[in-house]
1. Which order do the peptides 82-88, 132-138 come out in when sorted by mean C-beta neighbours inside 10 angstrom, highest first?
2. Determine the equivalent ellipsoid of the stretch 106-171 by diagonalising the alpha-carbon gyration tensor, then write out the semi-axes as square roots of 5 times the eigenvalues, largest first, rounded to whole Å.
3. For the stretch 65-145, which GluC sites (Glu not before Pro) pass both filters: DSSP loop (anything but H, G, I, E, B) and at most 16 other C-beta atoms within 10 Å?
4. Over all directions, how big on average is the projection of the convex hull of the alpha-carbon atoms in the stretch 32-171, in square nanometres?
5. With 25 Å as the limit, write out which pairs from Lys69/Lys153; Lys49/Lys131; Lys148/Lys169; Lys70/Lys153; Lys131/Lys158; Lys49/Lys153 have Cα-Cα distances beyond it, or answer none.
6. With a 10 Å radius around each residue's Cβ, average the other Cβ atoms per peptide and rank 89-95, 41-47, highest first.
7. What whole-number distance in Å separates the alpha-carbon centres of the stretch 39-79 and the stretch 100-141?
8. Would you tally the net charge around Ser123, using a Cβ to Cβ cut-off of less than 15 Å, leaving Ser123 out, and scoring K and R as +1, D and E as -1?
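What follows is calculated from the coordinates using simple rules that are stated; it is not laboratory data. Remember, it's a predicted structure, so these values are computed and weren't measured experimentally. Here the Cβ is made from the backbone with ideal geometry for all residues, glycine too, and neighbour counts use every protein chain on show.
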Amino acid sequence: MKIIWRKMVRLLFVCIVFAVTSSQLTYGQERGPVTNLPIPRYVSLKASKANARRGPSLSHRIDWVFVRKKMPLEIYGEYENWRRVRDIDGAGGWVHYSLLSGSRTAILTVDMQPMFYAPVNDSNIVARLEKGAMGDIKKCVLKWCQLKAGGFKGWVPKAAMWGVYADEKKD
């Protein structure tokens, strides 16, 4: 009886491991319980001012105020009409979904980062962008994103910006 019991427990364990592994392979990442969109994911700030609260309701205390329109934010939690977000520095909290936009932006993390005409390092330089400059993401390929920033449009390496994942592609 003990042998049968041990074999059943092992079989159950193998089934659970297989189920968890195959679900991760199928979906690739966690999904939000409200939107069914990937978690985490990047969005941008739609408003020029947004309160980040300690919890997902108006009754919770305001911990932080975002004041830069189009700033990229990373959503890492959802609850009803609230999204838990953080900025490039990790500051954030719960923000009402109506203050966020699916339009994608990025912040430069490298000072005087060249913006190239094409997604290759030996391409012509269109502009040089200061650290902290923001741009609208137009498209992304393997290691590059095309940005529109400061009246210029060109390609910047993903490694030089915050607001896009290393493996992300966007048409």
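1. Working: 82-88: 20.9, 132-138: 18.6.
Final packing ranking: 82-88, 132-138.
2. Values: eigenvalues 46, 35, 22 Å².
The equivalent ellipsoid of the stretch 106-171 has semi-axes of 15, 13, 11 Å.
3. On the way: sites: Glu74, Glu78, Glu80, Glu130; in loops: Glu80, Glu130.
Those satisfying the criteria are Glu80, Glu130.
4. Numbers: hull surface 32.5 nm².
One quarter of the hull surface, i.e. the mean projection, equals 8.1 nm².
5. Values: Lys69/Lys153 20 Å; Lys49/Lys131 22 Å; Lys148/Lys169 17 Å; Lys70/Lys153 17 Å; Lys131/Lys158 14 Å; Lys49/Lys153 27 Å.
Pairs exceeding 25 Å: Lys49/Lys153.
6. Details: 89-95: 16.4, 41-47: 19.4.
The most tightly packed comes first, giving 41-47, 89-95.
7. Spelled out, the Cα-based centre of one part sits 23 Å from the other.
8. On the way: positive: Arg128, Lys143, Lys153; negative: Asp122.
Combined, the nearby Lys, Arg, Asp and Glu give +2.
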